Amino acid sequence: MSKRVGLEASHAAAEAARMADVDVIAAYPITPQTHIPERLAEMVADGELTAAYIPVESEHSALSACLGAAAVGARVFTATAGQGLELMHEVVYVASSMRYPMVMTVCNRALSAPLSVWGDHSDAMAVRDTGWIQVFCQNSQEAFDMTLWAFRVGEDPRVLLPVMVHFDGFHLSHVTEPVILPEQEEVDRFLPRFHYPFALDPDKPMTHGAFGPPEIYSEAKIAQEVAFRKSKDVILQGFQEFGDIFGRYYRLIESYRAEGAKLLLVTMGSFSETATIAIDTKRNKGESVGLISLRLWRPFPFEELHQAAKDAETLIVFDRSISLGGPGGPVYSEVRSALYSEKDRPKVVSFIGGLGGRDMSVKDFEYVIDRGREIAEKGSKELFETVGIRGKVTGIRG
Amino acid sequence: MAEKRLKTGSDLTWRDIEVGNVVTEPGNAALRRTGDWRSQRPITDKEKCNKCGLCWLYCPDAAVKPLEDGYYEADLFYCKGCGICANVCPKEAITMVEEEEK
């Protein structure tokens, strides 16, 4: 029998790592991720989890230790946030390029300066092109579910890639919500033991991490890119199998009252749940609005986006990070670019808000919908518009 | 000498690249001709050589091989022409000769 308990997303992720029976954890504590390594260290110390917990002196070392563990075929878990992910940055690329499966939780945090420990998606956007499979969660249940799913997909012999599970710092990491925990037997059925086909072994020596001179580097990157994109099949299969065992079916792009809606709000992460209430309010007033939220961020779900947006006239993309000097929010950029080749493409409008832990209320999302519709009809002088900023924002020009 | 010609990077398409760029056949450095990096080659004057073997010991690529008659000779398939053997020779028996010269 599964049981329903109160867990913050951090503890839900730690519990998922425990039930996945990870072999190695290497992590460095950083707000707002701290509760995850703390909880796992407790589990190891108390004998609830048999694993090597490697205390390291930095995030760069944390992920480097994970590489070594993955190279011998261990099931590996780590977690970080904000500046910690930045300090890891060069190793983030190495993990995916060397095709080492591992799971990393990122409790999304704003980047300095000014120094902020609070949430937004700047850290996730800085690792957008690193070749990790990346998903976003909306609540604590998803933090648990996506972590289990991440091991299943990343370790699949057709994939062999690291997976990043994003959830919002504080808004999820520190908020206790009801979470349904499965039986260990169900987890074991979903997630069999991991056998890494290229595990380092003194009896069968091979070379990992060889030099890539100009004559081979380009071919190596294309091979990685094709394999990364092909992982989508297993990503979908993983969601199907997850649903078949645990009863919760996930999609690459989730939707809320989006069927036939003329205007779609596009979000990512926990603010999507707040946005659904704004959608209800608008729908009750008879407005043709709906919500889609991206679960899979990388590889980008192009086909699903085309499908989700096919009846919409306007898309309003809400970003929780700034692409300084760029065309608009990073999610907006991707969405607009993805739809550019459509013959009857919708108008796409960019809104930025919720930076550095700034809250977004239902009223804020209602404003985004109203103003976004106006921009779609009449245009705006600014490349993107903002919500919740004190003072009229001008000067966002090309 | 190595008979087998190892595929070089230029022979591989992206489809030939192993997952994670792993090299599954270890020890293949022996198959690599590094001799073509050389611009000078070591020539030993047997009149001066006292067979001390320092060239053999110091060669960083293990390219210097002992001969049956007790002298030493650089295997030009591997020798990169670094000149360390000539530099350490106590009898100044080894001379580095430009590859263009006969």
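Each reported figure results from applying straightforward, stated rules to the coordinates on display, with no laboratory input. Please read all numbers here as calculations on a predicted model, not as lab measurements. So basically every Cβ, Gly included, is an ideal-geometry build from the backbone, and we count neighbours across all protein chains shown.
Worth a mention:
- Greater than 23 Å apart at Cα, pairs in A:K232/A:K282; A:K343/A:K378; A:K221/B:K80; A:K230/A:K347; A:K262/A:K282: A:K232/A:K282; A:K221/B:K80; A:K230/A:K347
- Entry note: region A:180-304 has Rg to Rh equal to 1.13, where both radii use alpha-carbon atoms and Rh is the Kirkwood radius.
- In region A:1-82, the trypsin sites (Lys or Arg not before Pro) that fall in loop regions by DSSP, at most 11 other Cβ within 10 Å: none
- The eigenvalues of the Cα gyration tensor, multiplied by 5 and square-rooted, give region A:227-380 an equivalent ellipsoid with semi-axes of 25, 18, 16 Å from largest to smallest.
- Note on chain A: with a GNM built from Cα contacts shorter than 10 Å, the maximum mean-square fluctuation among A:D203, A:D129, A:D120 falls on A:D203.
- Centre-to-centre separation between the Cα atoms of region B:54-102 and those of region A:1-33: 61 Å.
- B:E25-A:R397 pseudo-label distance in nm [points 7 Å out on the Cα-to-Cβ vector]: 6.3
- The angle separating the long axis of helix A:9-19 from the principal Cα axis of greatest extent in chain A is about 30 degrees.
- Gyration tensor verdict on chain A (Cα atoms; rounded if a/c is under 1.5, prolate if a/b is larger than b/c, oblate otherwise): prolate
- Those GluC sites (Glu not before Pro) in region B:16-85 that DSSP places in a loop and that have at most 12 other beta carbons within 10 Å: B:E47, B:E68
- Take the Kirkwood radius over Cα pairs of region A:296-398, plug it into Stokes-Einstein at 4 °C and 1.567 mPa s, and you get 90 µm²/s for translational diffusion.
- Per-bin percent of Cα-Cα distances, region A:272-338 [5 Å]: 3, 14, 24, 24, 19, 11, 4, 1
- Between A:E48 and A:I180, the modelled label-to-label distance comes to 2.2 nm, taking each label 7 Å out from Cα in the direction of the beta carbon.
- Global form of region A:154-225, assessed from the alpha-carbon gyration tensor, a/c cut-off 1.5: oblate
- Added length on full extension, which subtracts the Cα-Cα distance from 0.36 nm per residue, A:S2 to A:E377: 130.0 nm
- Local charge for A:V331 was computed over the other residues whose Cβ lies under 13 Å away, with Lys and Arg +1 and Asp and Glu -1, and equals +2.
- Charged-residue dipole, Cβ positions (Lys, Arg, Asp, Glu), region A:98-242 about Cα centre, Debye nearest 20: 400
- Taken about its Cα centre, region A:253-386 carries a charge dipole of about 160 debye when Lys and Arg each add +1 at the Cβ and Asp and Glu each add -1 at the Cβ.
- Overall form of region B:41-102 per C-alpha gyration tensor (a/c, 1.5; a/b vs b/c): rounded
- Chain A: angle of helix A:59-71 to the longest principal axis, Cα-based, in degrees nearest 10: 60
- Descending by average beta-carbon neighbour count within 10 Å, the peptides A:160-173, A:225-238 line up as A:160-173, A:225-238, the highest first.
- Taking the charge dipole of region A:3-246 about its Cα centre, with +1 at Lys and Arg Cβ atoms and -1 at Asp and Glu Cβ atoms, the residue from A:I216, A:A52, A:W149 reaching farthest to the positive side is A:I216.
- Helical runs (DSSP H, four residues minimum) scored at -39500 (n - 2.57) apiece and divided by the length of chain A put the mean residue ellipticity at 222 nm at -13000 deg cm²/dmol.
- Placing +1 on the Cβ of every Lys and Arg and -1 on the Cβ of every Asp and Glu, with nothing else charged, gives chain A a dipole about its Cα centre of roughly 1300 debye.
- Where no second cysteine Cβ lies under 4.7 Å, the cysteines concerned in the protein assembly as shown: A:C66, A:C107, A:C137, B:C49, B:C52, B:C59, B:C79, B:C82, B:C89
- Between B:C89, A:I389, A:M164, the Cα set farthest toward the positive side of the dipole of the protein assembly as shown (charges on each charged residue's Cβ, about the Cα centre) is that of A:I389.
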